[in-house]
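Peer 1: Structure incoming, see below.
What follows is calculated from the coordinates using simple rules that are stated; it is not laboratory data. All values reported here derive from a predicted model rather than from experimental measurement. Virtual Cβ from ideal backbone geometry, glycine too; neighbours counted across all protein chains shown.
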Amino acid sequence: PGQGQLVLEAIGLTKRFGGVTAVDDVSLQIFSGEVLAIIGPNGAGKSTLVNLLSGNLPPTEGSVFIGGEATTGKPAYLVANHGLSRTFQTAALFAEMDVASTVKVGAHLRGSVGMLRSALPTVGALREERRLDAEVWAVLERLDLGHLADREANTLSLGQQKQIEIARALVGRPSILLLDEPCAGLNKAEKKNLMLLLRQLGAEGLAVLVIEHDMEFVMSSADRVQVLNFGATLRVGTPADIQSDPSVIDAYLGV
Ligand code: ADP
Ligand code: MG
């Protein structure tokens, strides 16, 4: 992370659901240009942690800063305006809509295209709409989804739908991308392409946080790994550090 700027910082995040402490005093930093992987057993609190970072859940305690500004407790659509974009562990249910429109709607929903909200389309809004169409197309091509642009999104395979979600998250040029188990449903070739994409996005300065169970994927795509266990951070380090750490092997890799 040395060269990158601190994009997101979480300090002492805790989330309790009744008697269950899902996330227990977790701090983390994500720098521009790095891929940070969060790993840990089922129920370790990974998805809840991402929900706290993205504003999909308010924390019980702790703070989140994006680009130095406090976003703690803000709802997800406002956090998105700070440059954060995400996908969900369970593939979104898409409406009966083609892939290109599905990807484009994501940018609108995130409010990154403010002018489009006005009822009367101004010249500026139409120009913005065209710029967005071009960006949608570029992102689809980049993810090798261009040939699917006209297909109805909800008729595609799970792997393809997960990639469409990533495309949707990338439109609008986020500064930080959070992916919750993006490999689920992807075949070997799709995983390899996703690994290459994450490395490229990192090289372009994006900050990427990825939750993933596929250890081969984690070890080949992450710069740093943070291990969660029972809601708390067990270890942070390079993939090599993590792979050889006895406590990590005990908690996770050994099973
Ligand atoms: P992971 O993504 O690492 O598998 P989760 O963050 O989904 O873990 O869950 C962490 C813990 O919090 C689990 O014990 C889970 O049952 C609990 N949990 C998650 N979401 C809720 C919720 N909305 N209400 C109650 N308990 C929850
Ligand atoms: Mg999860």
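Peer 1: Any chance you could list the semi-axes, whole Å, largest first, of the equivalent ellipsoid that the Cα gyration tensor gives for the range 118-222, using √(5λ)?
Peer 2: With the √(5λ) rule applied to the range 118-222, the semi-axes are 28, 17, 11 Å.
Peer 1: Computed from the mean reciprocal separation of all distinct C-alpha pairs, what Kirkwood hydrodynamic radius does the chain have, in Å?
Peer 2: This gives a value of 18.8 Å.
Peer 1: ILE249: net charge of surrounding residues, Cβ under 14 Å, Lys/Arg +1, Asp/Glu -1, itself excluded?
Peer 2: -2
Peer 1: Also: Could you calculate the FRET efficiency of TRP137 with ARG16 from 1/(1 + (r/R0)^6), where r is the beta carbon distance between them and R0 is 30 Å, rounded to 0.05?
Peer 2: Computed FRET efficiency for TRP137 and ARG16 comes out at 0.10.
Peer 1: Kirkwood hydrodynamic radius, the range 2-97, all distinct C-alpha pairs: what's the number in Å?
Peer 2: With all distinct Cα pairs of the range 2-97 included, I get 14.2 Å.
Peer 1: Roughly how far apart, in whole Å, are the Cα centres of the range 185-252 and the range 54-76?
Peer 2: For the range 185-252 versus the range 54-76, the Cα centre distance is 23 Å.
Peer 1: For a footprinting-style exposure proxy, rank VAL123, VAL105 by other Cβ within 10 Å, fewest first.
Peer 2: So the ranking, lowest neighbour count to highest, is VAL123, VAL105.
Peer 1: Starting with the fewest neighbours, write out ASP150, ASP250, ASP223 ranked by other beta-carbon atoms found within 10 Å of each beta-carbon.
Peer 2: ASP150, ASP250, ASP223
Peer 1: So for each of 33-45, 127-139 I average, over its residues, the number of other beta carbons within 10 Å; can you give me the resulting order with the highest mean first?
Peer 2: 33-45, 127-139
Peer 1: Now for a different question. Quote the Stokes-Einstein diffusion coefficient, in whole µm² s⁻¹, for the range 58-103, based on the Kirkwood radius over alpha carbon pairs, a temperature of 25 °C and a viscosity of 0.890 mPa s.
Peer 2: 190
Peer 1: Sticking with this one: For ILE38, enumerate residues with amide H under 5 Å from its amide H, sequence gap 5+ or separate chain, H modeled in the peptide plane.
Peer 2: VAL210, ILE211, GLU212, GLN226
Peer 1: Let me ask you something else. So how tilted is helix 158-170 from the main axis of the chain? Cα-based, degrees 0 to 90, rounded to 10.
Peer 2: The helix 158-170 is inclined about 80 degrees to the chain.
Peer 1: Listed here are the pairs LYS46/LYS162; LYS46/LYS191; LYS162/LYS191; LYS15/LYS46; LYS15/LYS104; LYS104/LYS162; which of them are more than 23 Å apart at the Cα?
Peer 2: LYS15/LYS104
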